[in-house]
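Here's the structure, in structure tokens; my notes come after.
The values are calculated or read from the model by the stated rules, or taken from the named source; none is laboratory data. All values reported here derive from a predicted model rather than from experimental measurement. Here the Cβ is made from the backbone with ideal geometry for all residues, glycine too, and neighbour counts use every protein chain on show. Just so you know, the surface numbers come from the protein's heavy atoms only, side chains and all, with ligands and any DNA or RNA stripped out. Shrake-Rupley method; radii C 1.70, N 1.55, O 1.52, S 1.80 Å.
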Amino acid sequence: MMKYTFYAFLACVVFFANASAQELRSPNGKLTFVFSLQKDGTPTYGLTYKNKMVIKPSHLGFELEKDSVSLLNGFQVMEVKTRSFDETWKPVWGELSSIRNHYNELAVSLLQTKTNRQLVIRFRLFDEGLAFRYEFPTQKNLIYFTIKEERTQFAMTGDHTAFWIPGDYDTQEYDYTTSKLSEIRSLFKGAVTGNASQTSFSPTGVQTALMLKTADGLYINLHEAALINYACMHLNLDDKNMVFESWLTPNANGDKGNMQAPCQTPWRTIMVSDDARDILASKMTLNLNEPSKIKDPSWIKPVKYVGVWWEMIAGKSSWSYTNEFPSVQLGITDYSKAKPNGTHGATTSNVKKYIDFAAKHGFDGVLVEGWNIGWEDWFGNGKDYVFDFLTPYPDFDVKGIRDYARSKGVKMIMHHETSGAVRNYERHMDQAYRFMKDNGYDAVKSGYVGNILPRGDYHYSQWMVNHYQYAVEKAASYRIMVNAHEAVRPTGICRTYPNLIGNESARGTEYQAFGGSKPNHVTILPFTRLIGGPMDYTPGIFEMDVSKISPNNHSHVNSTLANQLALYVTMYSPLQMAADLPENYDRFPDAFQFIKDVAVDWSDSKYLEAEPGEYITVARKAKGKDNWFVGNVNGTNPRTAKISLDFLDKGSTYEATIYADAKDAHYKTNPQAYDIRKMKVNSNTQLDLFSAPGGGYAISIIRK
Ligand code: NOJ
Ligand code: CA
């Protein structure tokens, strides 16, 4: 330990002794950032937190395609500009009603003398971390260019613990592996689990947001913000030196970025704290995105919904109406002649059952999947025309459902599965969005299951990033909210386009019906996937034995019922599903009450406890009300913790309803064992609360 600290100190001194170094401090003074040019003109940066090194001297730059001179070295500093920024803004929806954006900035203008090319590197130092991006100003010698690789380094100070998923150009739908950095290589193959479509680029390649913990208790998070017109960044680890380097997702032709100056990269972000709660509470990713471009956001509303969904995922019913023929490709659209398979989920009568349930229990919306023709062939990857997003199956009455939902005050949520045929989707998009508006749908869940067309393109390439962005912007022009599944993981773009109310882009509840997920998965996701934006995790499963609803499916939901309730608070999202079947909620009406009561938009959020992989406890205040909701999710070790309700208004009395694991609850053997108790509480109340393995608790605190 002593030795390690000594070397870190030495490296610090050598680095900071560089005469041309530029130094910047965070507003609270805890973070210090240094930029310098090496002797050969290589741009280099480093970061310290409370005088401890976080990022050792790390290189910055690019290799360009068809160009012998890379943007790696030979630079000189032309100009350095600093400024401070402090502003508070109000999100359309969020964890807080107002967000402070406070940083010190350093913009270094560089000239590569040999080529006469300019590059600006802009650094922003927040209290929670460092962000930087590359900017290519308008110039004669660098107009159109192709990136061969971005060479941004993040040099670690040791063999940290990492919460990682394997590098993949197409999916983040993995369980997390917790290991030392030095173990990634040996654990890599085993980490490729489930239905993931592995397109591995390196046996030490991982995805962001990457969560790390150092031996001396620093929490570090590496990610990106404002991923626009650029490829998604992965990280490749040099596990001899513990240096991560950026690894961009290629386009179909292998190019990693087609650029035209003036342009810029996304922000590369490094959050750091000795308190894990600071990582969860940080709004740095949102702050690095542009303010909202939607002038009148009155049509954007947080949504709590149910849907014709889990029954298909579990295998009880089917998306397709018939098994008879792959029809759309053959030009056969007269499904009235096709033989029904008898298991179709999206029938008018079944949908009405969900609408009735939503209306009875106060849900805003009903999602219906499998309503449109094409599903009998939807795994037909490599076919360009599977869905038209317009034609319903014969047993789904679009207008009848529209009128029925309207009469019950419930909104319908559209589903667009593209099956990866992206150009097909773009060709139909205007018509499909218009069809939605004509039939009472204000929100769409889109999906990108399968290989992308054009062939060879990856889900996370620049080309696909542009597609997802196009879909969100076009939807905004129709006043439609978007929840994209299998799209690139979010990077805070919902600040600029708050109609992007959800994304999947990680392993959600569906995997509980595909075999199960690790019980501590939900204690890691807020540190990784949720750093970039809300997730449509689809919580609320009450029946953990999937065979009870679909006899041939022997999957187990690795979670207690109380843990499922807590997810509405711990997995922040303005879009929350109650994913289980209505009949399962009817069996547990007392626990279901929490899902009915919990808010989906917040004026305040307090992270009470947090340790990645172990536990997260959050308290949130409902927007416009003096009601609080608390959620705790727990990993595999049973735990009792004291929680202080000192966040409540002093002098006010509230009624708390505590939905907790029973003493003998266990995610595997006894998941439905919970206790509910009510008590009067105030800001002096302290609660001793127990969480079972894979368990947790949820509390509603209502002002009396
Ligand atoms: C995968 C999505 O994550 C899931 O929610 C959806 O039901 C299926 N694709 C079908 O589109
Ligand atoms: Ca998915």
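Histogrammed with a bin width of 5 Å, the alpha carbon distances of the stretch 102-143 distribute as 6, 23, 24, 18, 12, 9, 7, 2 percent, first bin at zero. Global dimensions of the stretch 434-549 from alpha-carbon coordinates: Rg and Dmax equal 15.7, 44 Å. Coordinate range of the alpha-carbon atoms in the stretch 620-663 per principal axis, descending: 36, 20, 16 Å.
With the gyration tensor restricted to C-alpha atoms of the stretch 547-690, the semi-axes of the equivalent ellipsoid amount to 27, 17, 15 Å, longest first. Annotation for the stretch 35-51 versus the stretch 238-255: alpha-carbon center distance of 21 Å. Remark: relative contact order (the chain) = 11 percent; criterion is Cα-Cα distance under 8 angstrom and separation of 6 or more residues. Both radii are taken from the alpha-carbon atoms of the stretch 92-200; with Rh as the Kirkwood radius, Rg/Rh is 1.07. A compact globular protein would have a Cα radius of gyration near 2.2 N^0.38 Å; the ratio found for the stretch 26-119 is 1.41.
Solvent exposure of the chain amounts to 36 Å² per residue of accessible area, where only protein heavy atoms count and the probe is 1.4 Å. When the distances between all Cα atoms of the stretch 617-704 are binned every 5 Å from zero, what whole-number percent does each bin get? Each 5 Å bin holds this share of Cα pairs: 3, 15, 26, 23, 15, 11, 6, 2, 0. For the stretch 429-501, the list of trypsin sites (Lys or Arg not before Pro) that fall in a loop by DSSP and count at most 15 other C-beta atoms within 10 angstrom reads 455.
What the Cα convex hull of the stretch 465-526 gives, in volume per residue, is 91 Å³. Helical content alone sets the calculated 222 nm signal of the chain at -5000 deg cm²/dmol, taking -39,500 (n - 2.57) per DSSP H segment of four or more residues and averaging over every residue.
What ratio of Cα Rg to 2.2 N^0.38 Å holds for the stretch 75-155?
Relative to the 2.2 N^0.38 Å estimate, the stretch 75-155 comes out at 1.41.
Computing FRET efficiency as 1/(1 + (r/R0)^6) for residue 703 and residue 141, where r is the C-beta to C-beta distance and R0 is 45 Å, gives about 0.10.
Legend: residue pairs 50/213; 353/596; 411/437; 90/474; 283/650, Cα-Cα distance threshold 21 Å; pairs beyond threshold, 90/474; 283/650. For residue 241 and residue 426, the FRET efficiency from 1/(1 + (r/R0)^6), where r spans their Cβ atoms and R0 equals 35 Å, is about 0.20. In loop segments of the stretch 537-636 as defined by DSSP, the trypsin sites (Lys or Arg not before Pro) with at most 14 further C-beta atoms inside 10 Å of their C-beta are 625. Once the gyration tensor of the Cα atoms in the stretch 300-448 is diagonalised, the equivalent ellipsoid follows with semi-axes of 24, 18, 14 Å, ordered largest first. Taking 7 Å steps out from each Cα toward its Cβ at residue 479 and residue 682 produces label points 4.7 nm apart. For the chain, the residue among 310, 136, 243 whose Cα projects farthest onto the positive side of the dipole built from Cβ charges is 136. Under the convention that each Lys and Arg Cβ holds +1 and each Asp and Glu Cβ holds -1, the size of the dipole of the chain around its Cα centre is about 1280 debye. Taking only protein heavy atoms and a 1.4 Å probe, the accessible area of the stretch 68-159 is 45% carbon and sulfur.
Taking only alpha carbon atoms, the chain gives an Rg to Rh ratio of 0.97, where Rh is the Kirkwood radius. Taking the DSSP bridge list for the chain and keeping only pairs wholly inside it, about 85 percent are antiparallel.
Given 0.36 nm per residue, what is the gain on full extension from residue 50 to residue 586 after removing their alpha carbon distance, in nm? Extra length from residue 50 to residue 586 when fully extended: 187.7 nm. Label positions at residue 470 and residue 65, each projected 7 Å from the Cα along the C-beta direction, are separated by 1.8 nm. Distance from the C-alpha centroid of the stretch 665-704 to that of the stretch 94-126: 44 Å, rounded to the whole angstrom. As a fraction of the 1.4 Å probe accessible area of the stretch 501-588, surface on carbon and sulfur atoms comes out at 48 percent. To the nearest Å, what is the center-to-center distance of the stretch 333-389 and the stretch 536-576, using C-alpha atoms only? Going from one Cα centre to the other spans 22 Å.
List the residues of the stretch 596-612 whose backbone N lies under 16 Å from a point placed 7 Å from the Cα of residue 649 along the Cα-to-Cβ direction. So the set is 603-604.
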